[in-house]
Amino acid sequence: MNLRRFATIRYLSIIVSLVTGFTQIGIFSRIYSDNNLNYLLLVYGLISYLSFFNLGLGKPVYADFRKKFLNNNLNKTEITIVNLLLIGIIFTLIIALSLASYLIGNIYKVEFSPIVMMLYGYNIVAIVAFGFYRDIFNAFDLYVWYEAIDLIRKSFMLISLLCIFLDKSFFLSNVVLFITNTSIFLYGIKLLSKKIKISLIDRLEISKINIRSVSKKYLGSSKQYFIFTVNETYIYNFGYIIFPFLDDNSGLYIFSIWQRLFQGAASFVRVVGDTAIHNITNIYYTTKSYSQVKKNLIISTLLSILISIFFIIGLFLFGEKLFAIWLGKTGYFSTLFCVAFSIWIILNAVQHVVGTYLLSIGGRYKLLMILSMITAITIGLISLISLTYNIRAIEVIIYSGLSYALYTFCILLYLRHTFCTVKILGS
């Protein structure tokens, strides 16, 4: 029942995200000048790069907390220290990105006030900050609560965009987001503490020795996952770094459109893997039925691919009309755009299911770190070549997708090797 509720809320959350993403670019394109538009898209694009500032704690913490939760062997001190560590990172990011948002605004010579630019930076961090806790909520079977709270947050984000019609200075929108993000974050922390039954006494019992040992344990094991996260972040968001420097002034805008469509569709596709992983980890840690694990993985992957194909067909059939309604502009939709979208969404459907499984059971970080690093370097070289020869933005996305294809193929080969090894050992 929980998994059905989770899937329902998650899909509703994704629908709201899609509507918000489409609405955001649509409103920005119609209301703001090119300088203001590029500033808003570039700063918002930093959301993806902020995700690796959790120092790679996500999956290593999930794997350890999940195992202890299922075995009824939780360590409250470890959980409290990890929570405090994340809060410290979040406060640092708020200061850093608020200032960065202000400086980028000055570079683009935008018309927004300093307080609006700094609030915009704060709200970008707040969006990412709550995401830092997804794996912790999931580890303690609070995934339904997390998605419900996140759905509320995304709904208010959509409301804040509509506030632009009342106040084009962008101040009212950011105030609404500031109040919403802060309230939801504090409520989420309270809910987590209540579930794990962490009291004030538990927090007071933390010592310097505990902090050192726990930090060493998780940060040490998360080093490889952190590098993997940095690589993956660049792989999916390389355009925010390279396209502002292209001679083609529309490069950043085209990448933002493509990335918004890809991430929106990918979020929908990923629900299959994110829903199945809870059941798969239960089987892996409790029954050790690897044949059942393999079966669930195959089904999840095929379902993900099927959903991806529906998105591809829809884009090919209705893309031109969609772009005209969405952007209020013409000339940005093309066959190459559809090809770029198709390559990445199909590959990600496979990579997400398999990669999430390998990371969630632990011990596979080094391999994925190496593979993702090679892919990130390859995409980086493609980006540098595009600067040299002034290759069009959409072509750069396609060429980078070929490197991503090799990355996905290597992960599949490793998964096959893993199951072959289990079969040989007779597990």
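The values are calculated or read from the model by the stated rules, or taken from the named source; none is laboratory data. Keep in mind the model is a prediction, meaning the values are calculated, not measured. Glycine also receives a Cβ, built like all others from the backbone with ideal geometry; neighbour counts cover every protein chain displayed.
Structure notes:
- Only one of V353, V339 that is under 15 Å from T408 (Cβ atoms), in contact (Cβ under 8 Å) with a residue 24 or more places away in the chain and either β-branched (V, I, T) or exposed (fewer than 13 other Cβ atoms within 10 Å of the Cβ) (or both): V353
- Residue in segment 162-170 that is at pLDDT 80 or above, acidic (D, E) and crowded, with 19+ Cβ neighbours inside 10 Å present: no
- Residue list for segment 3-53, restricted to those being more than 17 Å from Y120 (Cβ to Cβ) and among the hydroxyl-bearing types (S, T, Y): T8, Y11, S13, S17, S29, S51
- Condition met for V43 (part of a helix (DSSP H, G or I), in contact with a Phe, Trp or Tyr (Cβ under 9 Å, 6 or more places away or on another chain), at pLDDT below 80 and crowded, with 20+ Cβ neighbours inside 10 Å): no
- Among the criteria (1) surrounded by 20 or more Cβ atoms within 10 Å (Cβ to Cβ); (2) in contact with a helix residue (DSSP H, G or I) (Cβ under 6 Å, 6 or more places away or on another chain), the one Y49 does not fulfil is (1).
- Among residues that are of a type in the set (G, A, S) and more than 23 Å from the chain's Cα centre (by Cα), G355 is not included.
- In segment 365-393, of all residues being in contact with a Phe, Trp or Tyr (Cβ under 8 Å, 6 or more places away or on another chain) and within 23 Å of K294 (Cβ to Cβ), the one that is modelled with the highest pLDDT corresponds to L371.
- Restricted to segment 77-174, the set of helices (runs of 4 or more DSSP H) holding at least 2 residues that are polar (S, T, N, Q) comprises 143-162.
- Check on L86, within 22 Å of Y187 (Cβ to Cβ), out of contact with any helix residue (DSSP H, G or I) (no Cβ under 6 Å at 6 or more places or on another chain) and surrounded by 16 or more Cβ atoms within 10 Å (Cβ to Cβ): yes
- Taken as a whole, the structure leaves G380 outside the set of residues that are buried (at least 21 other Cβ atoms within 10 Å of the Cβ), of a type outside the set (D, E, K, R), in contact (Cβ under 8 Å) with a residue 40 or more places away in the chain and assigned to a helix (DSSP H, G or I).
Results for (1) touching a helix residue (DSSP H, G or I) at 6+ places or on another chain (Cβ under 6 Å); (2) closer than 23 Å to V272 by Cα; (3) of a type in the set (S, T, N, Q), shown as yes or no for each residue.
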{"position": "R5", "(1), (2), (3)": "yes, yes, no"}
{"position": "I15", "(1), (2), (3)": "no, yes, no"}
{"position": "T20", "(1), (2), (3)": "yes, yes, yes"}
{"position": "T23", "(1), (2), (3)": "yes, no, yes"}
{"position": "I31", "(1), (2), (3)": "no, no, no"}
{"position": "N36", "(1), (2), (3)": "no, no, yes"}
{"position": "L40", "(1), (2), (3)": "yes, no, no"}
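- Elements of type helices (runs of 4 or more DSSP H) in segment 176-267, at least 2 residues being at pLDDT below 85 and in contact with a Gly (Cβ under 7 Å, 6 or more places away or on another chain): 208-237
- Hits in segment 67-118 (condition: among the basic types (K, R) and either more than 27 Å from L359 (Cα to Cα) or at pLDDT 85 or above (or both)): K109
- For the residues F171, F156, the requirement of being within 30 Å of R4 (Cα to Cα) and either out of contact with any Lys or Arg (no Cβ under 6 Å at 6 or more places or on another chain) or in contact (Cβ under 8 Å) with a residue 40 or more places away in the chain (or both) singles out F156.
- Long-range neighbours under 6 Å by Cβ, at least six apart or interchain, first residue aromatic (F, W, Y) within segment 177-197, second at pLDDT 85 or above: F178/L119
- Pairs are defined by a Cβ separation below 8 Å, a sequence spacing of at least 6 or placement on different chains, a first member in segment 74-96 that is under 17 Å from I196 (Cα atoms) and assigned by TED's automatic domain parsing to the domain that holds L186, and a second member that is among the basic types (K, R) and assigned to a helix (DSSP H, G or I); the pairs so defined are L74/K68; N75/K68; E78/K217; T80/R203.
- Residue within segment 303-320 that is among the aliphatic types (A, V, I, L, M), farther than 30 Å from R4 by Cβ and assigned by TED's automatic domain parsing to the domain that holds Y414 present: yes
- Of all the residues in segment 114-131, those that are surrounded by fewer than 21 Cβ atoms within 10 Å (Cβ to Cβ), touching a residue at least 60 places away in the same chain (Cβ under 8 Å) and not aliphatic (A, V, I, L, M) number 1.
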